[in-house]
Amino acid sequence: MYAMQKRKLFLICFLLLSPFGAMVRANPVDIGRELINLQTADLSMILMVGKDSLLYFQHFGRKIGDASPFLDKQTYRRVDYGTDPHAYYASGGTGYREPALRVTHSDGDLNTELAYLGHQQKILAAGNVTETTIALQDKKQHLLVELVIRAYMRENVFTQRVVIKNMQKGSVILHNFYSSYLPLRAKRYYLTSFHGAWAQEMFMEESPLNHGIKTIENKMGVRTTHTENPSFLLSLDTPLNEHAGDVIGGALAWSGNYKLNFQIDEFDILSITAGMNPYASEYRLAPGEAFHTPEMIYTYSTSGAGGVSRNLHDWARRYNVYDAETIRPTLLNSWEGAYFTFNEKTLTDMMDEAADMGLEMFVLDDGWFGNKYPRNSSNQGLGDWQVARDKLPRGISYLADYAVNKGLQFGIWIEPEMVNPKSELAENHPEWIVQAKGRPVPTTRGQWLLDMTNPQVQEFVFGVFDDVMQQSENISYIKWDANRHVESVGSAFLPADRQSHFWIEYIRGLYNVYERIRAKYPQVLIQACSSGGGRVDYGALKYHQEVWTSDNTDARSRIFIQYGTNMIYPALVTGSHVSAVPNHQTGNITPLKFRFDMAMSGRFGMELQPKDLSGEEKIFARKAIENYKGIRDIVMKGDLYRIISPYEGKGLYAIMYVSKDKKRAVVFDYCFEYQGRTRNSQLLRLHGLDPQKRYKLSELNVDKSSFWGNNKLFPGEYLMYEGINPRLQKIYDSAIFLLEEVEKSIEETK
Ligand code: GLA
């Protein structure tokens with residue numbers, strides 16, 4: 001009785017003091033059943049407050065306008081058995097599934113049962129986004145939880161993050177603190193996830209889910225997306241199809257350790273718990289402190305994987321990717337063309353060639369810094385961000401000015417979170433290095449990691465960026481690299497009882513620095529690179545315009561890497577470069593046209609020594625770059641339709657992008673295995689066009705097209721319902737077709 005009175009008093013205080021004060025209930029303890037129906041244009045997410053005042057999850061999927069039957073719905077399951085999924089599953093009470101929240105309260109109590117307090121909704125910018133904050137609190141302990149759910153109307157996306165507040169007198173320990181818990185019901189569940197390794201990122205794998213738990217996770221702290229990616233597609237009832245079927249897409253906006261669990265229980269309910277990885281990360285939350293989880297992003301499409309990608313891309317371009325509006329420049333990056341071996345002339349010659357080919361930016365990669373320990377290999381100098389006097393006597397400003405005089409923008413590489421043991425920085429600040437006390441620090445790629453939990457290190461990292469930017473007002477691009485993951489974890493800054501905070505505080509420290517940088521440098525283009533594709537996530541993309549998709553620039557490998565990456569992330573952000581052959585990773589010798597045709601399906605760049613190209617190759621390159629400038633707005637801003645998957649096993653791959661007004665489209669078509677005599681031509685049934693419009697088809701990057709339809713007019717309905725049949729037969733044949741609406745009727749042109 002006494003406990004109940006205390007709880008009521010607490011609730012009333014909370015309601016009066018919090019933003020929920022506006023909706024104080026007469027008796028918050030005796031809440032009846034109540035529905036919360038969150039909606040987008042086509043979807044509903046429905047939650048219900050039960051008679052027991054717990055918040056239950058009811059529905060995620062196609063829109064249900066009138067959700068009232070949920071109020072009377074009987075499940076015929078034993079409700080006393082803890083069977084009905086909560087909206088945010090906590091460990092304790094009747095809960096037995098993998099908990100989204102697991103807490104040890106200040107008095108040692110291991111149970112948490114979240115009761116509904118109230119909810120508030122507000123409209124965010126542009127009237128397209130609503131944010132609903134649902135307040136919950138433990139039935140006994142003073143622990144508050146807010147579920148913050150955003151609904152993006154047009155994009156059909158929901159995001160959820162959680163705030164956990166400790167209102168107890170002592171510290172509580174958070175063991176699990178996921179961003180969301182999503183229970184689903186279907187006959188079968190087919191999970192498509194992304195896996196890989198360095199230079200082999202974002203390969204796709206589909207598997208039917210069985211009873212038990214399937215987990216996708218990373219524990220490396222940095223470079224967390226090399227191996228698996230915190231994103232997935234989940235097809236309901238049938239295996240994943242590109243154009244049809246109910247598919248859920250999910251992605252976590254977090255650059256640190258993550259964990260996504262897919263658990264099917266004895267009631268065949270699939271529960272997805274997704275968020276930061278609880279691994280070795282017990283979090284001690286002091287009295288009055290609040291813990292914020294990152295956002296988990298969900299969409300649901302009834303038009304297969306394609307619908308999921310288009311929803312996520314639209315959402316990302318409008319609400320997540322930094323400065324998605326700006327068309328990204330084409331560029332020449334010095335890395336694969338020069339590596340560490342260059343002087344001023346090497347670089348200015350490259351700039352001359354870049355300008356001559358029509359590129360728009362030159363990026364100076366690794367190797368430009370270090371004097372006591374010149375950065376002439378990956379083994380020394382990292383951390384010493386002073387221009388190498390021997391190599392570049394006139395400094396960065398000379399190079400940046402040179403670029404600008406040539407009509408190019410100028411970009412530069414940094415890796416500010418890292419340090420070589422052989423560097424002045426490591427000599428001066430051993431306490432800044434991530435290291436388990438008294439244990440040797442392994443050197444991966446000859447380097448160590450700086451402790452971003454330490455505010456002094458954050459200051460240093462901000463300073464590296466700031467100082468580099470101060471070297472010239474003509475710097476418009478920074479390539480931010482991070483070539484190592486966490487090993488032998490330990491922080492000289494964090495106290496002994498907070499060492500387990502390292503994994504989370506590292507990324508929070510990094511995000512703090514990004515925030516400061518963005519406040520000071522809102523315009524600069526920043527690429528997230530982490531040994532290539534190690535930081536491909538929607539957390540990093542809030543601060544970066546693009547990612548370096550992979551260190552593997554081989555055009556054949558890029559088919560699979562970019563196909564997978566663009567399932568979740570839009571082409572606008574995926575750096576895609578033409579490099580030299582034999583390729584530095586794979587040794588593959590792909591024709592120049594195939595390399596260009598591949599790179600032009602993302603954010604285009606080149607990464608080779610241009611003087612090694614023949615005169616003929618340069619003429620081709622110049623024309624292809626001009627062609628790319630003519631189509632890049634469609635690639636970067638259009639709708640992606642995948643036509644042939646490279647996983648179909650036919651050695652063919654085709655995708656297309658369609659402008660939002662459906663007036664222009666570009667089709668990319670590749671053959672990467674000999675087609676034999678039986679397959680004389682492909683059939684590419686196009687998507688996303690307007691069947692009533694007429695389009696002129698023209699093949700790009702060829703002197704003379706071998707396709708019969710080149711320069712002809714086609715009705716949209718022909719292209720969509722019959723399709724085009726280009727003849728790509730030999731290994732590394734490729735084609736790009738531009739479709740442009742022509743207002744005249746076909747008859748008139750005859
Ligand atoms: C990483 C990057 C490369 C290049 C090198 C330089 O591997 O992914 O693009 O910048 O570092 O050391």
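The values are calculated or read from the model by the stated rules, or taken from the named source; none is laboratory data. None of these values were measured; they are calculated from a predicted model. Here the Cβ positions follow ideal geometry from the backbone for every residue, glycine too, while neighbour counts run over all protein chains shown. The protein model used for the area step is the full one, side chains on, heavy atoms only, and it has no ligands, DNA or RNA in it. Shrake-Rupley method; radii C 1.70, N 1.55, O 1.52, S 1.80 Å.
Residue-level check: of (1) out of contact with any Cys (no Cβ under 8 Å at 6 or more places or on another chain); (2) within 16 Å of the ligand (Cβ to nearest atom); (3) within 25 Å of PRO442 (Cα to Cα), ARG535 misses just (1).
Residue by residue, here is whether (1) of a type outside the set (Gly, Ala, Ser); (2) more than 24 Å from HIS584 (Cβ to Cβ); (3) in contact with a Pro (Cβ under 6 Å, 6 or more places away or on another chain); (4) open to solvent by 10 Å² or more (accessible area, probe 1.4 Å) holds:
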{"site": "ARG328", "(1), (2), (3), (4)": "yes, no, no, no"}
{"site": "TYR339", "(1), (2), (3), (4)": "yes, no, no, yes"}
{"site": "VAL363", "(1), (2), (3), (4)": "yes, no, no, no"}
{"site": "TRP385", "(1), (2), (3), (4)": "yes, yes, no, yes"}
{"site": "ILE396", "(1), (2), (3), (4)": "yes, yes, no, no"}
{"site": "GLY407", "(1), (2), (3), (4)": "no, yes, no, yes"}
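Answer yes or no: is there a residue in the stretch 434-446 that is out of contact with any Leu (no Cβ under 8 Å at 6 or more places or on another chain), under 27 Å from PRO495 (Cα atoms) and not in a loop (DSSP other than H, G, I, E, B). Yes, that holds for at least one residue. The number of residues in the stretch 106-128 that are part of a loop (DSSP other than H, G, I, E, B) and either out of contact with any Asp or Glu (no Cβ under 6 Å at 6 or more places or on another chain) or closer than 20 Å to THR94 by Cβ (or both) comes to 9.
Evaluated against (1) open to solvent by less than 10 Å² (accessible area, probe 1.4 Å); (2) among the hydroxyl-bearing types (Ser, Thr, Tyr); (3) more than 16 Å from the ligand (Cβ to nearest atom), SER614 falls short on exactly one condition, (1).
Looking at GLN435, GLN380, GLN409, can you tell me which residue is farther than 30 Å from ALA496 by Cα and more than 16 Å from the ligand (Cβ to nearest atom)?
Values: GLN435 fails: farther than 30 Å from ALA496 by Cα; GLN380 fails: more than 16 Å from the ligand (Cβ to nearest atom).
It is GLN409.
Annotation for the stretch 600-609: no member residue is of a type in the set (A, V, I, L, M), closer than 18 Å to ASP537 by Cβ and touching a Phe, Trp or Tyr at 6+ places or on another chain (Cβ under 8 Å).
Taken together, the residues in the stretch 466-492 that are more than 16 Å from the ligand (Cβ to nearest atom) and buried (at least 20 other Cβ atoms within 10 Å of the Cβ) amount to 4.
Kindly provide the set of residues from the stretch 538-553 that are within 9 Å of the ligand (Cβ to nearest atom) and of a type in the set (Gly, Ala, Ser), ordered by number. The one that is within 9 Å of the ligand (Cβ to nearest atom) and of a type in the set (Gly, Ala, Ser): SER550.
Among the residues making up the stretch 328-356, those that are more than 16 Å from the ligand (Cβ to nearest atom), in contact (Cβ under 8 Å) with a residue 40 or more places away in the chain and not hydrophobic (A, V, I, L, M, F, W, C) are ARG328, PRO329, THR330, ASN343, GLU344, THR348, ASP349, ASP352, GLU353, ASP356. Going by the structure shown, is ASP497 open to solvent by 40 Å² or more (accessible area, probe 1.4 Å), among the acidic types (Asp, Glu) and touching a residue at least 40 places away in the same chain (Cβ under 8 Å)? Considered against the rule, which asks whether it is open to solvent by 40 Å² or more (accessible area, probe 1.4 Å), among the acidic types (Asp, Glu) and touching a residue at least 40 places away in the same chain (Cβ under 8 Å), ASP497 comes out as yes.
Would you mind stating whether ARG284 is more than 16 Å from the ligand (Cβ to nearest atom), basic (Lys, Arg) and open to solvent by less than 30 Å² (accessible area, probe 1.4 Å)? Steps first, answer last, please.
Working: more than 16 Å from the ligand (Cβ to nearest atom): yes; basic (Lys, Arg): yes; open to solvent by less than 30 Å² (accessible area, probe 1.4 Å): no.
No; evaluated as a whole, the condition is false for this residue.
If you check PHE20, PHE57 for being modelled with pLDDT under 60 and crowded, with 18+ Cβ neighbours inside 10 Å, only one passes: PHE20. Within the stretch 383-399, residues that are in contact (Cβ under 8 Å) with a residue 60 or more places away in the chain reach partners that are open to solvent by 90 Å² or more (accessible area, probe 1.4 Å) with beta carbons closer than 7 Å, at six or more positions or on different chains, in the pairs TRP385/ASP467. Remark: pairs (first residue in the stretch 67-90, open to solvent by 50 Å² or more (accessible area, probe 1.4 Å); second residue in a loop (DSSP other than H, G, I, E, B) and at pLDDT below 90; Cβ separation under 6 Å; 6+ apart in sequence or on different chains) = LEU71/ARG33; ARG77/THR83.
Looking only at residues in the stretch 422-432 that are open to solvent by 50 Å² or more (accessible area, probe 1.4 Å) and more than 16 Å from the ligand (Cβ to nearest atom), which one is nearest to ALA492 (Cα to Cα)? Only one residue tops the list, namely GLU431. Being open to solvent by 50 Å² or more (accessible area, probe 1.4 Å) and closer than 24 Å to THR444 by Cα is a property that HIS226 lacks. Against the numbered list (1) at pLDDT 95 or above; (2) surrounded by 18 or more Cβ atoms within 10 Å (Cβ to Cβ), ARG7 comes up short only at (1).
Among the residues of the stretch 129-146, just one is more than 19 Å from VAL49 (Cα to Cα) and open to solvent by less than 10 Å² (accessible area, probe 1.4 Å), namely VAL129.
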